[in-house]
Structures are given as structure tokens and as C-alpha cells.
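> Next up is a structure, given as C-alpha cells.
The values are calculated or read from the model by the stated rules, or taken from the named source; none is laboratory data. For clarity, every value in this text was computed on a predicted model and none was experimentally measured. Neighbour counts run over all protein chains shown; Cβ positions are idealised from the backbone, glycine included. Just the protein is used for accessible areas: all its heavy atoms, side chains included, with ligands, DNA and RNA removed. Shrake-Rupley method; radii C 1.70, N 1.55, O 1.52, S 1.80 Å.
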Amino acid sequence: MLDLLSLAYPWIKALHIVSVISWMAALFYLPRLFVHHVEQAGSAGRMHETFSMMEFKLAQFIMRPAMMATWGFGLALVLTPGIVDWTMIWPWTKGASVVAMTIFHVWLKKQVKSVESGDSTVTGRQFRLLNEVPTLLMIVIVFSVVVKF
């Protein structure tokens, strides 16, 4: 099994990068949709229904599968012999950041339901600020993997 992972390493790495890009795109876009939804559409009417549909489809059909693929290919990379040196700091900072990104993902998924039902107490300004969370985590992840401190 480990030999197979070593042989497939470039393919797994490429698929991991593609899934990360897809996940990040969704994590960046969904809070922006929330901003416009709460500021422009309100909690009823045709615009509300359109935003709710867009948010649901983005979370369900792009964000969730991309996160699952990211985790799957990432775990395959971790299991590939010689890829991760657990005595260094970088795998731990990357791992913690990916867990934090997943928690943010779950929170966003809950916000899809909350905004759709009109129960959300998060303002457009707060969604704008929260939109920076994946950016900060991405910076930590990229520097962890590239610099390998």
C-alpha cells in the first residue's frame, strides 16, 4: 500500500492542490454571498430565495465535496512515506490550520440555514470581516508547507 502511495504521489499531490483551490474559492465566495444577502435581499422575497439557493448549492455541491477531497488527498499525502517529518513544526501548524478551516467551513454551513431562515444575527460587516478568516489560515498553511519551518 505504501509503495502505491509513493508511485501515485504526484497525482495525489495534484488532486490535493485542485481540491484545495476549489475549497478555498467556495470559502471566499460564500461569506460574500451572505454580505449581499443580508444587506440587499433581506429575509423574504425573490432575491432572498435566489441568494438562499445560491448559498445552498455552493455549500452543498462545491464546498463540501471540495473539503472532503482536500482531506482525503491530504491524508493520502501524510501517509506517503518520506513526505512529512513530524519532528518539525510545519506539519503541526498546517494541521491545526486545516482543522480551523474545517471548523470555519462547518460554521458557514450552519449560516446557510440561519440566513435562509432569517435567524442569523451576523451583519454584513461581520461577514466581511469573517471573510478574512480563510485568507489568514491559507497564509499559515502555504508558509508551513513551502518554508517547512
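> How much solvent-accessible surface does residue 120 expose, in Å² to the nearest 10, with a 1.4 Å probe and all protein chains in place?
Only protein atoms counted, so the area is about 30 Å².
> Follow-up question, since we're still on this one. Share of the chain's accessible area from carbon and sulfur, percent, 1.4 Å?
71 percent
> Which value, in Å² and to the nearest 10, is the accessible area of residue 110 when all protein chains are kept and the probe is 1.4 Å?
The accessible area of residue 110 comes to roughly 130 Å².
> For every other residue with a beta carbon closer than 10 angstrom to the beta carbon of residue 127, add +1 if it is Lys or Arg and -1 if Asp or Glu, then tell me the sum.
With Lys, Arg at +1 and Asp, Glu at -1, the net is +2.
> By the scheme Lys and Arg +1, Asp and Glu -1, what is the net charge of all other residues having a beta-carbon under 13 Å from that of residue 70?
So the surrounding residues net to +3.
> Can you put 148, 113 in order of accessible area, largest first, using a 1.4 Å probe?
Working: 148 85, 113 140 Å².
The ordering from most to least exposed comes out as 113, 148.
> Can you tell me the orientation of helix 46-57 relative to the chain, as the angle in degrees between its alpha-carbon axis and the longest Cα principal axis, to the nearest 10?
Result, in degrees: 10.
> In addition: Helix-only estimate, please: 222 nm mean residue ellipticity of the chain, summing -39500 (n - 2.57) across DSSP H runs of length 4 or more and dividing by its residues, to the nearest 500.
Helices in the chain give a 222 nm mean residue ellipticity of -26000 deg cm²/dmol.
> Here's a follow-up. Any idea what the relative contact order of the chain is, in percent, if you count C-alpha pairs under 8 Å spaced at least 6 apart?
38 percent
> Among the lysines, which fall within straight-line cross-link reach of residue 113, defined as a Cα-Cα distance under 26 Å, with same-chain neighbours fewer than 8 residues apart omitted?
Those lysines meeting the cut-off are 57.
> Another one. What's the magnitude of the charge dipole for region 75-149 around its Cα centre, counting Lys and Arg as +1 and Asp and Glu as -1 at the beta-carbon? Answer in Debye, nearest 20.
The calculation lands at about 100 debye.
> Using the Karplus curve 6.51 cos²θ - 1.76 cosθ + 1.60 with θ = phi - 60°, work out ³J(HN,Hα) for each residue of region 30-40 in order, rounded to whole Hz, and write x for Gly and Pro.
Once rounded to whole Hz, the list reads 4, x, 5, 4, 4, 4, 5, 5, 6, 8, 10.
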